[in-house]
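These notes are about the structure you will find just below.
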Amino acid sequence: MKVCLIGAGGGIGRQLLKTFSEKHEVTAVYRTLPVTAPEGVVLARFGDDAGLRAAVAGSEVVIHAALDQKSKGKAFTTSNRAVTERLLDLIQPETCRLFVYFSSQVVYAVLDAEKHPVQGEDAVLEDRPGLDAYTKLKLTEEQRVKEVCAAKGIDYLIVRPTVVMGPHMQWSSGIVGAMRMAPFGLKGRTINLIHVADLSEQLLALVERGVKNDIVNLGDLDVTSDEYFRHAAGLAGRPIFFAPGWLTGAAGKAIPSTLWFFAHDVTVASDKVRRLSGVEPHRQLPDFFEPPAKVVVARDLDAVREIATSGKPFHTVGRGYYLWFNDRMSTDQLVMEHYAGVVRQDEGHITVRAGTTLRGVLDHLAPQDLTLATLPEFVDISAGACFFAEVHGSSAEYISVYDLITAIRYMDRAGVEHHSQRNDFEWDRLRASHDIVVTEVTFKTVPNYRLANVIEWHPDSALDEYVAGGYQKNFSTTVHWYPRSRELMVYNVNPLDDAHPKDRGPFAPMRGSPAAMQKLLLSLRLRGRLRIVGDSEQVLAPWTGVPAKEIVGRFFRDGRRRVRNLEVCVPDYHAAKFVEKLRGRLPQMALKAGQGVGVRFTRSASSGRGFVWVEMTSRDASQMHALVEMADEVTGGEYWVHRGKYVPSTVSVDHLFIPRSLGLPLTTAEPKTEESKT
Ligand SMILES: Cc1cc2nc3c(=O)[nH]c(=O)nc-3n(C[C@H](O)[C@H](O)[C@H](O)COP(=O)(O)OP(=O)(O)OC[C@H]3O[C@@H](n4cnc5c(N)ncnc54)[C@H](O)[C@@H]3O)c2cc1C
């Protein structure tokens with residue numbers, strides 16, 4: 001059977017794609033094309049007229065499971081109506097035998113709960129006032145689908161899912177997240193749950209069994225709202241508070257029709273789908289929720305092996321800063337921070353366990369008058385993270401700390417630990433797949449040296465000169481640009497060739513703070529002195545940790561409107577154009593007073609490649625998305641996003657690390673590693 005699935009990127013669509021493509025030929029239609037898709041699936045973009053036409057014309061079953069939730073207000077209805085009309089226009093009886101439309105149980109919101117305590121597909125849906133846009137949309141579109149299909153002589157199937165549950169779904173993972181913030185629930189309602197995997201099986205069976213010109217609820221288990229909320233709160237680790245009866249009654253009137261099942265105690269019938277599809281899920285309430293993610297703290301390799309070989313997805317955490325800026329992850333977590341310590345040190349190299357921080361490395365090296373040749377401004381960063389993220393400051397000699405790594409040990413998903421000497425070709429592949437746990441990292445070391453930082457303020461027109469190559473005059477140039485006050489703060493860092501009475505020792509300047517605060521702080525700390533002078537690491541990396549890390553982390557991770565930090569990198573030959581474009585776009589980006597843009601410069605002395613890094617911190621994610629879009633437009637796709645900071649979901653893995661083996665195909669490299677089971 002040839003199936004065209006519209007809305008393949010949505011929560012339901014992704015599972016439909018999985019279920020249908022296992023047995024049938026599927027063309028998956030997306031609003032934005034994904035980076036990967038199941039093997040054998042043909043991809044199409046809804047906005048590509050010819051592609052969409054061909055996808056629909058080439059399929060005997062067309063499933064419309066798309067919903068534009070981004071459009072708000074009137075645009076919500078207009079945009080969604082347009083999608084459905086487009087599809088109804090494209091289907092033709094010569095090619096399409098069945099049009100499947102995803103409606104919803106919300107259509108029952110029109111019914112009087114007193115008269116209809118059980119809502120079945122045969123209910124007569126009288127209109128009634130007080131319906132929200134989503135309910136009206138589904139009611140209107142059900143009618144349109146029936147009309148158009150009848151007129152064209154094409155069979156239809158309308159499905160009305162109940163409350164859809166499953167990984168990342170609003171009513172399962174979402175409600176558990178909500179319970180962490182506000183563990184409140186309503187009592188005395190009946191909710192019908194359907195797991196997205198069962199829903200897909202039900203639909204597949206209905207289509208394969210030839211059910212047509214019919215309406216079928218896709219539902220499974222009735223639970224009480226008491227049980228449902230109590231279970232979700234339990235998973236969130238919070239005690240549940242139920243609204244008192246009088247409040248539940250009063251709230252019922254204010255509940256939008258999309259959530260009608262919280263306003264009335266009614267049951268949605270699910271016997272028809274069982275009968276027609278033959279699918280009997282037998283789930284109990286806990287089976288509708290994701291099991292709580294496991295956290296494994298690695299103190300030895302056995303713990304790493306346990307999670308690496310579990311066969312389940314997991315994410316590795318160094319010090320965990322990337323979790324501050326990105327959406328919560330529901331997979332198991334491997335925490336590496338206690339797998340730390342120096343393993344060995346030989347001539348010019350130091351080997352540490354992956355959870356060791358750069359601070360730990362520097363503390364070990366400093367008494368021997370040794371250091372690392374490039375550093376970020378902040379050194380509470382794990383060695384393991386330096387393999388995957390481009391951890392950088394400003395440097396005339398290295399792109400990032402990654403370039404100081406000469407060897408690693410890592411564990412693969414079979415639980416085998418490998419030793420791998422630097423091999424750009426192989427390491428690009430490892431960084432792209434990110435399917436390993438780095439267990440040890442070897443960095444090259446250099447003799448310590450002294451640096452001086454001269455901080456200057458300029459009008460922001462001076463930025464162009466730095467970006468055009470002026471940054472190369474310094475050993476390290478870091479810029480903080482305040483577009484609203486049109487000024488630029490610049491750290492000019494250079495090796496020290498003299499001592500001066502007007503020098504002062506290193507301190508941690510608050511580079512991200514508003515200009516006025518920054519100036520005040522600098523004048524208090526510098527007190528007329530001109531240069532900040534010290535050992536290289538004290539000047540390059542004045543930040544050794546975050547005070548009250550847990551509390552600050554919670555503020556970043558759990559805040560209602562989260563603060564995010566994103567850094568985008570472009571090759572220096574695109575940088576002038578990128579900055580020009582950014583300057584032009586800034587007025588529309590609505591920067592807050594005091595909000596600045598960090599600009600850092602790195603170069604690889606050995607290859608002559610130069611890079612400009614542009615960083616923003618904001619509660620407004622659209623500013624960051626605009627930054628990435630501009631980088632993409634200006635560079636034609638030759639840009640990177642810092643993997644240890646906010647990574648928008650549209651950014652694919654090839655934009656998360658700068659390949660060092662230029663021009664070589666990544667997929668064909670054979671790993672040359674030595675295996676060891678330790
Ligand atoms: C206050 C502050 C200041 C910062 N300043 C700078 C700066 O000056 N320059 C800069 O470049 N960045 C800076 N960053 C960003 C920082 O580099 C990233 O957040 C980095 O990821 C932090 O390291 P981490 O040990 O917390 O790694 P995590 O954030 O925990 O992990 C980062 C990535 O590495 C992976 N990973 C970590 N360890 C392993 C392992 N052992 N095996 C496999 N994968 C692993 C993770 O899965 C993840 O993809 C700053 C961040 C903060 C919070």
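Any read-out appearing in this document is the output of simple, stated calculations on the displayed coordinates, not a laboratory observation. Fair warning: this is a prediction, and the values are worked out from it, not measured in the lab. Every residue, glycine as well, gets a Cβ built from its backbone with ideal geometry; the counts of neighbours run over all protein chains shown.
Remark on the stretch 451-655: hydrodynamic radius 18.1 angstrom, per the Kirkwood mean of 1/r across alpha carbon pairs.
Note on ASP89 and ARG180: the model spin-label points, each 7 Å out from Cα along the C-beta direction, lie 4.4 nm apart. Apply 1/(1 + (r/R0)^6) to the Cβ-Cβ distance of ARG238 and ARG144, taking R0 = 45 Å, and write down the FRET efficiency to the nearest 0.05. Step by step, r from the Cβ atoms, then E = 0.55. Over the stretch 334-448, Cα pairs under 8 Å with separation of 6+ residues give a relative contact order of 30 percent.
In order along the stretch 181-198, the phi-based Karplus estimate (6.51 cos²θ - 1.76 cosθ + 1.60, θ = phi - 60°) of 3J(HN,Hα) comes to 7, 9, x, 10, x, 10, 9, x, 10, 10, 10, 9, 10, 9, 6, 4, 5, 6 Hz; Gly and Pro are listed as x. Straight Cα distances below 22 angstrom link LYS212 to the lysines LYS2, LYS23, LYS138, LYS146, LYS152, LYS272, with same-chain residues fewer than 8 positions distant left out.
Looking at the chain, the DSSP beta bridges with both ends there are about 60 percent antiparallel.
Fully extending the segment from GLU629 to ASN213 would add 145.3 nm, taking 0.36 nm per residue of separation and subtracting the current Cα-Cα distance.
Between helix 11-21 and the chain there is an angle of about 80 degrees, using the helix long axis and the longest principal axis of the Cα atoms.
Computed from label points 7 Å out along Cα-Cβ, the spacing between LEU285 and PHE507 is 5.8 nm. Mean residue ellipticity, 222 nm, helices only, the chain: the sum of -39500 (n - 2.57) across DSSP H runs of n ≥ 4, divided by residue count and rounded to 500, is -9000 deg cm²/dmol. Taking the DSSP bridge list for the stretch 451-655 and keeping only pairs wholly inside it, about 95 percent are antiparallel. With a Förster radius of 22 Å applied to the beta-carbon distance between TRP543 and SER485, the computed FRET efficiency rounds to 0.35. Which lysines, if any, have their Cα less than 20 Å from the Cα of LYS502, not counting same-chain residues under 8 positions apart? Leaving aside lysines fewer than 8 places away in the same chain, those within reach of LYS502 are LYS519. Per-residue 3J(HN,Hα) values for the stretch 353-370, derived from phi via the Karplus relation 6.51 cos²θ - 1.76 cosθ + 1.60 with θ = phi - 60°, read 5, 5, x, 5, 7, 4, 4, x, 5, 5, 4, 6, 7, 3, x, 8, 6, 10 Hz in sequence order (x marks Gly and Pro). You can think of it this way: the chain between THR331 and LYS312 has 6.0 nm of extra reach, that is 0.36 nm per residue less the Cα-Cα gap. Ignoring lysines fewer than eight residues from LYS187 along the same chain, the ones with Cα atoms less than 25 angstrom from its Cα are LYS115, LYS253.
A DSSP coil position with no more than 14 other Cβ atoms inside 10 Å describes the following trypsin sites (Lys or Arg not before Pro) in the stretch 102-185: LYS115. Placing R0 at 30 angstrom, the Cβ-Cβ distance between GLU114 and LEU276 gives a FRET efficiency of 0.55 after rounding to 0.05. Scattering from the stretch 346-400 was approximated by placing one identical point on each alpha carbon and applying the Debye formula without solvent; log10 I(q)/I(0) at 0.17, 0.24 1/Å stands at -0.53, -1.06.
For the stretch 497-502, the Karplus equation 6.51 cos²θ - 1.76 cosθ + 1.60, evaluated at θ = phi - 60°, returns couplings of 10, 8, 10, 9, x, 8 Hz by residue, with Gly and Pro reported as x. Between THR371 and VAL446, ASN448, the built amide H atoms are under 5 Å apart, and every one of these is 5 or more places off in sequence or on another chain. Measuring between alpha carbons in the structure, the pairs from LYS294/LYS549; LYS549/LYS645; LYS444/LYS473; LYS473/LYS549 lying more than 28 angstrom apart are LYS473/LYS549. Considering only Cα atoms, the convex hull volume of the chain works out to 181 Å³ per residue. In this structure, the amide hydrogen of ARG97, modeled 1.01 Å from its nitrogen in the peptide plane, lies closer than 5 angstrom to those of VAL61, counting only residues at least 5 positions away or on a different chain. Binning all Cα-Cα separations of the stretch 80-124 at 5 Å, short to long from zero, yields these whole-percent fractions: 5, 15, 22, 13, 13, 15, 10, 6, 2, 0.
Between LEU586 and ARG81, the modelled labels are 4.3 nm apart [label points 7 Å from Cα along Cα→Cβ]. Over the stretch 334-448, with a single point scatterer placed on each C-alpha, what log10 of the ratio I(q)/I(0) does the Debye formula yield at q = 0.14, 0.19 1/Å? Reported log10 I(q)/I(0), two decimals: -0.52, -0.98. Placing a label point 7 Å from the Cα of LYS473 along the Cα-to-Cβ direction, the residues of the stretch 563-577 whose backbone N falls under 19 Å from that point are 576.
Amide H to amide H, with H built 1.01 Å from N, THR439 comes under 5 Å of ARG409, TYR410, MET411, counting only residues 5 or more places away or on other chains. With K and R counted +1 and D and E -1, the other residues having a Cβ less than 9 Å from that of SER104 yield a net charge of +2. With a cut-off of 11 Å between beta carbons, the residues surrounding ALA133 carry a summed charge of +4, where Lys and Arg count +1 and Asp and Glu -1.
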